[in-house]
1. Mind checking which residues of segment 60-104 are under 25 Å from Ile43 (Cβ atoms) and of a type in the set (Lys, Arg)?
2. Out of the residues in segment 112-138 meeting the condition of being free of Cβ contacts under 8 Å to residues at least 40 places away in the same chain and not in a helix (DSSP H, G or I), tell me which one is surrounded by the most Cβ atoms within 10 Å (Cβ to Cβ).
3. Take the residues in segment 37-54 that are out of contact with any helix residue (DSSP H, G or I) (no Cβ under 9 Å at 6 or more places or on another chain) and not charged (D, E, K, R); name whichever of them is farthest from Ser143 (Cα to Cα).
4. Scan segment 36-66 residue by residue and report those that are at positive phi and open to solvent by less than 70 Å² (accessible area, probe 1.4 Å).
5. Using beta carbons and a limit of 6 Å, which pairs, at least six apart or on different chains, have the first residue in segment 44-57 and under 13 Å from Lys133 (Cβ atoms) and the second one in a strand (DSSP E or B) and not basic (Lys, Arg)?
6. Inside segment 1-110, counting only strands (runs of 3 or more DSSP E) that do not spill past its ends, which hold 1 or more residues that are among the hydrophobic types (A, V, I, L, M, F, W, C) and in contact with an Asp or Glu (Cβ under 8 Å, 6 or more places away or on another chain)?
Amino acid sequence: GGVIDDDDAQQLLHDNAMKLYQEAAMEQNIFAELARVDCSEHIKKKNGFSYLSWPFAVKKLREHCPDATWEVKRNDNGEPFFVTQCGFFVEVAVTVNGVTLSQIHPVLDSRNKPIDNPNAFQVNASIQRCLVKAIALHGLGLSIYDGEDVPQEVAAERKAEAEKPITAEQAGYL
């Protein structure tokens, strides 16, 4: 029947708790994995600002998390932007392993100044920037927005490698 005894109930509680712990650990591992991806070769610079190209961000996200999805949020009229007292904004939500994180981004020009009356191209460019930032919330390229071009772990590995003594074999090539 449908009645379970205390031992079965305890086992069920234990199993459910372990499943939750494993899911939490997996999500943390996915974040750590994505945060370790070296994006430095793909950082673009424009007017003094560093950014990651959206095709690279999407490619890396899908390589590490093939089930990841994203959604461009729309206003009540179905348009992919929002108009506020502060200006025009776009929003993109990215879902990785069932965790959805959303990023809101103003519609900006190439100098990172808000645009009063954006055209379709400018809205689309802001959606792509917003997508990259929403992906970064899951770890990929996050260090770029902290003023770093390379994740700290990768920088530490490169520094350690550079500080190693030169071997006799390497010296033969000098």
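The values are calculated or read from the model by the stated rules, or taken from the named source; none is laboratory data. Note that the structure is a prediction, hence the values are computed from the model and not measured. Because the Cβ atoms are built from the backbone with ideal geometry, glycine has one as well, and the counts that use them run over all protein chains shown. The protein model used for the area step is the full one, side chains on, heavy atoms only, and it has no ligands, DNA or RNA in it. Shrake-Rupley method; radii C 1.70, N 1.55, O 1.52, S 1.80 Å.
1. Passing the criteria: Lys60, Arg62.
2. Restricting to residues being free of Cβ contacts under 8 Å to residues at least 40 places away in the same chain and not in a helix (DSSP H, G or I), the top hit is Pro118.
3. Asn47
4. Across segment 36-66, there are no qualifying residues.
5. From residues that are under 13 Å from Lys133 (Cβ atoms), the pairs are Ser50/Ile43.
6. Once the strands (runs of 3 or more DSSP E) in segment 1-110 are filtered for at least 1 residues that are among the hydrophobic types (A, V, I, L, M, F, W, C) and in contact with an Asp or Glu (Cβ under 8 Å, 6 or more places away or on another chain), what remains is 43-46, 69-72, 82-84, 87-96, 99-106.
Quick grid of which residues meet (1) closer than 25 Å to Arg36 by Cβ; (2) open to solvent by 40 Å² or more (accessible area, probe 1.4 Å); (3) modelled with pLDDT of 95 or more; (4) in contact with a Lys or Arg (Cβ under 9 Å, 6 or more places away or on another chain):
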| site | (1), (2), (3), (4) |
| --- | --- |
| Ala68 | yes, no, yes, yes |
| Phe82 | no, yes, yes, yes |
| Ala93 | yes, no, yes, yes |
| Val99 | yes, yes, no, no |
